[in-house]
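S.K.: Sending over a structure as structure tokens; questions will come in a sec.
The values are calculated or read from the model by the stated rules, or taken from the named source; none is laboratory data. What you see is a predicted model, and the numbers here were worked out from it, not measured in a lab. Cβ coordinates were reconstructed from backbone atoms using ideal geometry, including for glycine residues, and neighbour counts include every protein chain displayed. The protein model used for the area step is the full one, side chains on, heavy atoms only, and it has no ligands, DNA or RNA in it. Shrake-Rupley method; radii C 1.70, N 1.55, O 1.52, S 1.80 Å.
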Amino acid sequence: MAIQEPSIDAWLEEAKASENADRCGMFLTHNGVVRITPKKEVREGVEGLGEVTHVEFSYDADGVAQAIEEALTWDGVYYVRVWLNEGKLAVGDSLMYVLIGADIRPNCIDALQKLVGKIKNDLVVEKEIYA
């Protein structure tokens, strides 16, 4: 692992003490992890790539900051926190953590899915290395 992972317990404690915590009826977290099965195999059914040994991972920090600001404008979203790893990451290492605080469950779930999708699709470079 390239950098120290955050404590989700500490993040939740901070979120629950934040300025808009009283508006949040739900906090939802995402922890993306390097898996041994290649993404193309899982998503597209491509076989024969071998097992993932590690991932080379980087991201656009300015783009992530903008995505967080945008997420805070979505319906019912009052808290957002994101952490991204970087470098050469082994199977089992965390790629990212995302925490969303929102008023109701549908807004929280939708925001988490939308933000993680934005980050994964537009703001990270993730190269799987196979055995």
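S.K.: Considering only DSSP states other than H, G, I, E and B, which GluC sites (Glu not before Pro) in the range 20-117 qualify as loop sites with at most 14 other Cβ atoms within 10 Å?
M.R.: Of the GluC sites (Glu not before Pro), the ones in loops of the range 20-117 whose Cβ has at most 14 other Cβ atoms within 10 Å are GLU47, GLU51.
S.K.: A follow-up question, please. How long are the semi-axes of the equivalent ellipsoid of the range 12-107, defined as square roots of 5 times the Cα gyration tensor eigenvalues? Whole Å, largest first.
M.R.: Its equivalent ellipsoid spans semi-axes of 32, 15, 12 Å.
S.K.: As a test of the formula, what do you get for the chain when each DSSP H run with n ≥ 4 contributes -39,500 (n - 2.57) and the sum is divided by the residue count, at 222 nm and rounded to the nearest 500 deg cm²/dmol?
M.R.: Dividing the helical sum by the residues of the chain leaves -9000 deg cm²/dmol.
S.K.: Okay, next question. Ordering MET26, MET96 by how much accessible area each has at a 1.4 Å probe, largest first, what is the list?
M.R.: Reading off the accessible areas and sorting them downward yields MET26, MET96.
S.K.: Give me the net charge of SER7's neighbourhood, meaning all other residues with Cβ under 11 Å from the Cβ of SER7; Lys, Arg count +1, Asp, Glu -1.
M.R.: Every neighbour counted, the sum reads -4.
S.K.: So what's the angle, to the nearest 10 degrees on a 0 to 90 scale, between helix 105-118 and the longest Cα principal axis of the chain?
M.R.: For 105-118 against the chain, the angle is about 40 degrees.
S.K.: Next question, about the same structure. Given the Cα-Cα distance of ILE104 and THR37 and 0.36 nm per residue of separation, how much length would full extension add, in nm?
M.R.: Working: separation 67, 0.36 × 67 = 24.12 nm, distance 3.41 nm.
Gain on extension, ILE104 to THR37, equals 20.7 nm.
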